[in-house]
Structures are given as C-alpha cells and as structure tokens.
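What follows is a set of notes on a single structure, which appears directly below.
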Amino acid sequence: MISIKSVSKWYGDFQVLTDCSTEVDKGEVVVVCGPSGSGKSTLIKCVNALEPFQKGDIVVDGTSIADPKTDLPKLRARVGMVFQSFELFPHLSITENLTIAQIKVLGRGKEEATDKGLKLLERVGLRDQALKYPGQLSGGQQQRVAIARALAMDPVVMLFDEPTSALDPEMVHEVLEVMVKLAHAGMTMMCVTHEMGFARQVANRVIFMDQGRIVEDCTKDEFFGDLSARSERARRFLDLVLPH
Amino acid sequence: MDFSAIPAALPSLLEGMLLTLQLLVFGVAGGVALGTVLAMMRLAHAPLLSNLAGLYVNYFRSIPLLLVITWFYFAVPFILRGITGEDTPVGAFTSCLVAFVMFEAAYFCEIVRAGIQSIPKGQMAAAQALGMTYGQCMRLVILPLAFRKMTPLLLQQSIILFQDTSLVYSVGLMDFLNSARSRGDIIGQPHEFLIFAGLVYFVLSFSASLLVKRLQKRLTV
Amino acid sequence: MNYNWDWGVFFKSTGIGDEIYLDWFLAGLGWTIALALSAWIIALLLGSLLGVLRTVPNRWASGIATTYVEIFRNVPLLVQLFLWYFLVPDLLPEPLELWFKQDLNPATSAYLSVVVCLGLFTAARVCEQVRTGIQALPKGQAAAARAMGFTLPQIYRYVLLPQAFRIIIPPLTSEFLNIFKNSAVASLIGLMELLAQTKQTAEFSANLFEAFTLATLIYFVLNMSLMLFMRGVEKKVAVPGLMSVGGK
C-alpha cells in the first residue's frame, strides 16, 4: 500500500531524513516512534507530500509521489491524515467540517456527504455534537471529529501524526479507543505516536527512528520481546517511555 | 515627456520642500506633545479628564484632515480677532500647522496610550514602592519605557504626516507639491513636474519606511 | 465679536433657484457616499486578490503584490489623484481621451478619477490587512486542507479566507471609514462632495462656523453609524466557541 524507497530530505544543509525505506501492506498497522527531532513526523508528512523530499520515492497505492506528473491533491484525497493539533476548521460547524472536502474535492452531493458524515460521527460517538463548532468541543472530542473527517473521504490508508500528544491525559484514552476500533476494522494505518500501549495492542510492526534514520523496523513481538536484541538507542528510548 | 526643465527649477522646489519639512517637524513635535498629554488624560482615573480626551480623539478621528485644514484656515483669523479684538494676520502656514498638530495629536494619543498600557503593571508598582509620586513614575519610568517601545509606530505615523502635508495645497500654501505644480504650469510641463514630485515623495517615504522597519527589527531582537 | 450666529442658515435660500443650503449638504453627502462605496468595492476586491498573492508560494506573485503596495503606500493620495485626473487621461488612446474630456460631464469625469484613485490607494492597505490575517492563522490549517486534497484555490476559498476575513474585520472597518474621509480630496478637483459644499456654503452665507459645524457633525454621525454597522457584521459572522474573533 505504501512503499517508501530510500527517501532523503534536507532543510538547507541540514539533513532531516537519511535513506529511509520501508513498506506498509494493506490492512497493516505500523507504529513509528522515536525521540523528538528524529524525523518521524517529517517522514509521515512525506507520505502525502505535505513535505517535499529531495531523493528517493514514495509510492502510495500505485501512485508515485516523486513523479512530477502526479496530481497531488487527487492523491491526498485518498490518504487520510490526522494532526497533532486537530486542525478542524474553526469557522465551520462540525457537520460542515465533515462534509466540505467530500463536496468540494470528491464532488459528492450535499445530502450524501451529510449522511456519510453523520454516520461517521456516530461511529466516533459524537452524533449529538453535529451542530456545534470546533471551539465548543474538548480536545479529545475535536480529535475524534478530525478522525471522522479523514474517514469521510474513504481513504485507502490513514496517517496519524502524534494524534494524542496535544491532549490532556484524561482524553488520550477516548482517541486511542477510536483508533483501536479502526485498526480492528482492517484499516491500513501508519501512526507516529509515543503510546506504546497502543502499539502493543494493535500494531503489526514498529519502526524506530533516530536522527533521521530508520534504526529498527520489526514486528511488534520482536520490538517488545527481547530487549537485548534492540539497538542501544531503542533500548534507551523504551526505557523512558515504557512504564516500569 | 521632457524632464530637462526640472534641474533649473530645483531651487524653488527645494524651497517648497523646506516648507513641507517645517510642517512635518513642527507638526510631529506638537502632535506628539499634545498627544502625550491627551494619552495621560485618557488613562487618568478622573472620569471627566478621560472622557474629555476620549471625545477629542473620537472627534478628530472621525473627520477628514482636509476638513480640519480648510476649517482652521477660515476660522483661526476669526477666532484671533475675537480674542484680541483686532485683525491679526496669521497666514496659512500657522493655521495649517495648528490643524496638523490638533489633528495628528488624536492619532499620536492612541499610539502613546497603547504604549503606556503595554508596560507591565509591576513597573509602576516598583517605582511607587521606591517612593516616587505618580508624576515621577510616569516621567522617570513609564514614559521612557513606553516611548522606546512605540518609536517605530510614531515614526510610521510621521511618514503618513509627511505625505499628508501635501493637503496644504488646498489653502494655497507653497509646499513641495504646490511649488512643483505651479512651476510645471508656468513652464508648460505640468505632467513632468507632477511625476517628479511623485517620485520624490516615493523615494523619501519609501526609504524612511525601510529605515523604520530596520529599527523595528533591532528593537525587537 | 461681530459675527452673526444664525443656526437657521441651512433653511435659507441659496439664491440659486429655490434651493436651500441644506440641499447643498445633502447633495454633497450623496457624492461622498457614492465615491466611498464605489471605491470600496474596488479596494476590497483588488486588495483581497493582492493580499492572497502576497502569501502564495510563488516569488513572482508576491513580488508583484509587494511592489504594488509599496508604490501606492508611499506616494501621497493627493499626488495620486492629480496623476489620475490630469495625467492619465492624456495617456489614453485618442477616442477614449476625447470621450473622457469632452463627452463626459465634468462631475462624472472627476468622479471616475477619484473612484479609481481611492480604490487603488485603499487596495494597498486592504492587501496588507488580508495578508496579516492569512499569516495569523495556524500553519496547520493550510496543511490540513492540503491533506484532504484541496487545491490551492480551494484552500484559500474555503479555509484561509473565511477565517482571515473574520480576524481582520476591525482593521478593515477603519479602512472603510478612511475611504469616506479620504474622499474629501475630491473637492480639490472640483467635485461637489460634502467638503466642497461646506466651503461653498461658508463663502456664500458668511456663516462659516455653522457650515463647518454641520459638516463635522455629518462626518461624525456617518462615522459612528458605519462603525456600529460593522460591529453588527462582526457579531453576525462571529464563530461560536471562539472567545473573540482575532483575540489570539
């Protein structure tokens, strides 16, 4: 579904990604973790071309991103993305947030779009908030709406960029719950997150990044299994994030 | 287009520019002084003072500068005659200057007020704790701090005033624009002189605003 | 003091036809409003376009918009008006030039010059406000819109501009008020708007204090009512859940 081939990226002279390669298969859930500044957010933003890269290629569902002929808006419409700071559109009601891209990008009718939006709102447990505005919702609720908004586009894959980092601790759970359900439903997911509990519960694979490189890329059981087989950096990271 | 007549006309244009700059300098000095007084009144705890200043500011901010210039041109001689009882010739320069000072004071007042309000309350408390009177606090601590902060805004407003001085054309004062216009008419090349005047205004205010921007950057670092 | 106060002067005959002085003021107010509103339409449309150009990721587009802003901001309004009124007609192709100078009645040609001048002058200011509004939005908003597959025009149309305009209503209001005040320069090319009518009344009737007082009052009331109107607009488009629009 996603194949990342030797991607390198520089900001001026500073190299943020170095020769990153990996694959995400259909239906797979891959968790990307690593210390801050390791390039994990940058990498995931390359997958839907929000961040340009200078070397390598990424192919999403058969479409090459490096190919200058690729219609990027069209590609992005098929890739769902959830941001750290939600990024709901504050001037639009919840319903409008869920329907605007369906109508303007996919060309769906208003009724069909609203129908779809409300169904997804139901799925994230917020059907009763449809007429409110983002500013009237809690952070956790906003993030659940943001997930529904991305799902409304019928994406072939979902990208999560630290979806729980900006949330108060008591709201992390409600968002993870939605993500777990999504994983169980068979959605292809690539998630940048520090929530190792989530990784243990649903991830197929874990990627560990440090200083712009993919240091570890293994199955969940390998990653959490024999710590002595892990790189020293990964061990230090796990030591910090895992509860003792 | 034939700009060859301009060099010969430069001395008289320079005279016009001197008048423009006089209006600018006195206008800014008087405007900032009156504006600061108004700002202190607006921030005073006495409701009469602050309302009075508020009324002044709102009044001048809601009417066109050109109206003020025209009105003062008509009215100042009248009023002076009323006061002194005899004809006191004041001339267009004085009436225009009074108009600029009073009009711009309303705008400078708002800048100074915002500047004073941007100084943390703790500064006032600290100054008072040292035994200073209200007046001393303002003069020695708050105003020096505030003026440093708002220098770029005051300069920007002065650039606007520089451009606005051209409105004295309406009462026939020979400022830079008007001397360029009349020179151009006499020589028969009004277009060339007008374009030249526009260029000079542009070069002066553009470079001034570049300097202000640089100053602003240095103040924020 | 040998000044004859007479507040009833506005209802006296001007000596021209059966007009009273108040008629002059009303006619002047009519011109002032017509000038300001027509120029505002130009300023808002062109200013928004330029404001967008200043923020798009394209050097040429933002360079053009920046140049425009610097030129129109650094030349006095009156100089610009003289250029539009005295110079530009001479540069037009001959049929247009003749039409402007001979076929149009003088008031119409002055009106056109002032509207174009004020519109383009104010557009530079509107541009800066629109740019500030767009740049004040969190970067993630544009990224989120891109991630959903919006094209660049769609991002501006549906996500950035609706939010930016809400933020900049207060500064736009003051530009809107400025255009009414700035329209007084029209009196200097002979258009009989409010200030010109005031001057004329002062000269004809010799009651200059009354005339200027009434003019001031009209501008003051106009200013206040426009401000209240814009406050109403701001309230009407305010988004529930945001503390105060532009308060961030």
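The values are calculated or read from the model by the stated rules, or taken from the named source; none is laboratory data. Note that the structure is a prediction, hence the values are computed from the model and not measured. Glycine gets a Cβ as well: all are built from the backbone with ideal geometry, and neighbour counts include every protein chain shown. In case anyone asks, the SASA skips ligands and DNA or RNA and just uses the protein heavy atoms, side chains included. Shrake-Rupley method; radii C 1.70, N 1.55, O 1.52, S 1.80 Å.
Annotations
- Hey, C:Ala110 away from chain A (no Cβ under 14 Å), among the small types (Gly, Ala, Ser) and under 14 Å from the mean Cα position of the chain (by Cα) or not: no
Residues are listed down the side, and each one gets a yes or a no for (1) among the basic types (Lys, Arg); (2) within 13 Å of chain C (Cβ to nearest Cβ); (3) out of contact with any Phe, Trp or Tyr (no Cβ under 6 Å at 6 or more places or on another chain); (4) not in a helix (DSSP H, G or I):
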position: A:Glu122; (1), (2), (3), (4): no, no, yes, no
position: A:Lys132; (1), (2), (3), (4): yes, yes, yes, yes
position: A:Gln141; (1), (2), (3), (4): no, yes, yes, no
position: A:Ala146; (1), (2), (3), (4): no, yes, no, no
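- Test for B:Ala146: is it in a helix (DSSP H, G or I) and surrounded by fewer than 20 Cβ atoms within 10 Å (Cβ to Cβ): no
- Number of the exception - A:Thr114 against (1) more than 30 Å from A:Phe237 (Cβ to Cβ); (2) open to solvent by less than 30 Å² (accessible area, probe 1.4 Å); (3) hydroxyl-bearing (Ser, Thr, Tyr); (4) assigned to a helix (DSSP H, G or I): (2)
- Checked against (1) over 15 Å from the mean Cα position of the chain (by Cα); (2) closer than 16 Å to C:Ile33 by Cα; (3) open to solvent by less than 20 Å² (accessible area, probe 1.4 Å), C:Thr122 passes all but a single condition, namely (1).
- Within segment C:125-140, if we keep just the residues that are out of contact with any Pro (no Cβ under 9 Å at 6 or more places or on another chain) and surrounded by fewer than 19 Cβ atoms within 10 Å (Cβ to Cβ), the residue that is nearest to C:Gly47 (Cα to Cα) turns out to be C:Gln135.
- Scanning segment A:221-240 for residues that are open to solvent by 50 Å² or more (accessible area, probe 1.4 Å) and either under 18 Å from A:Ala203 (Cβ atoms) or basic (Lys, Arg) (or both) yields A:Asp221, A:Glu222, A:Asp226, A:Leu227, A:Ala229, A:Arg233, A:Arg235, A:Arg236.
- Every listed requirement among (1) within 23 Å of A:Gln201 (Cα to Cα); (2) surrounded by fewer than 20 Cβ atoms within 10 Å (Cβ to Cβ); (3) touching a residue at least 40 places away in the same chain (Cβ under 8 Å) is met by A:His173 save one, (3).
- Where a residue in segment A:213-239 is among the small types (Gly, Ala, Ser) and its partner, wherever it lies, is open to solvent by 40 Å² or more (accessible area, probe 1.4 Å), with Cβ under 9 Å and at least six apart: A:Gly225/A:Thr219; A:Ser228/A:Arg235; A:Ala229/A:Glu222; A:Ser231/A:Val215; A:Ala234/A:Val215; A:Ala234/A:Leu227
- Exactly one residue among A:Asp61, A:Asp71, A:Asp115, A:Asp67 is among the acidic types (Asp, Glu) and under 30 Å from C:Lys236 (Cβ atoms), and that residue is A:Asp115.
- The sole residue among C:Arg54, C:Arg73 that is more than 14 Å from C:Ala186 (Cα to Cα), crowded, with 19+ Cβ neighbours inside 10 Å, within 14 Å of another protein chain (Cβ to nearest Cβ) and basic (Lys, Arg) is C:Arg73.
- Count of segment A:154-163 residues, restricted to those that are buried (at least 24 other Cβ atoms within 10 Å of the Cβ) and closer than 19 Å to A:Gly125 by Cα, is 1.
- Residues of segment B:159-175 that are open to solvent by 10 Å² or more (accessible area, probe 1.4 Å) and either part of a loop (DSSP other than H, G, I, E, B) or not acidic (Asp, Glu) (or both): B:Ile159, B:Ile160, B:Phe162, B:Gln163, B:Leu167, B:Tyr169, B:Ser170, B:Val171, B:Gly172, B:Leu173, B:Met174.
- Test: residue in segment B:97-109 that is without any contact (Cβ under 8 Å) to a residue 60 or more places away in the chain and surrounded by fewer than 19 Cβ atoms within 10 Å (Cβ to Cβ): no
- Meets criteria (in a helix (DSSP H, G or I) and either touching a helix residue (DSSP H, G or I) at 6+ places or on another chain (Cβ under 6 Å) or open to solvent by 60 Å² or more (accessible area, probe 1.4 Å) (or both)) for C:Ala143: no
- Meets criteria (at pLDDT 90 or above, at the interface with another protein chain (Cβ under 10 Å from one of its Cβ atoms) and buried (at least 19 other Cβ atoms within 10 Å of the Cβ)) for B:Thr36: no
- Residues of segment B:2-21 that are in contact (Cβ under 8 Å) with a residue 12 or more places away in the chain and assigned to a helix (DSSP H, G or I): B:Phe3, B:Ala5, B:Ile6, B:Ala9, B:Ser12, B:Leu13, B:Glu15, B:Gly16, B:Met17, B:Leu19, B:Thr20.
- Residue within segment B:51-59 that is surrounded by 14 or more Cβ atoms within 10 Å (Cβ to Cβ) and more than 14 Å from chain C (Cβ to nearest Cβ) present: yes
- The condition (being over 25 Å from B:Pro64 (Cβ atoms) and of a type in the set (Ser, Thr, Tyr)) is satisfied by just one residue among C:Thr132, C:Thr122: C:Thr132.
- Of the residues examined, C:Leu217 is one that is open to solvent by 50 Å² or more (accessible area, probe 1.4 Å) and either within 16 Å of the chain's Cα centre (by Cα) or farther than 17 Å from A:His91 by Cα (or both).
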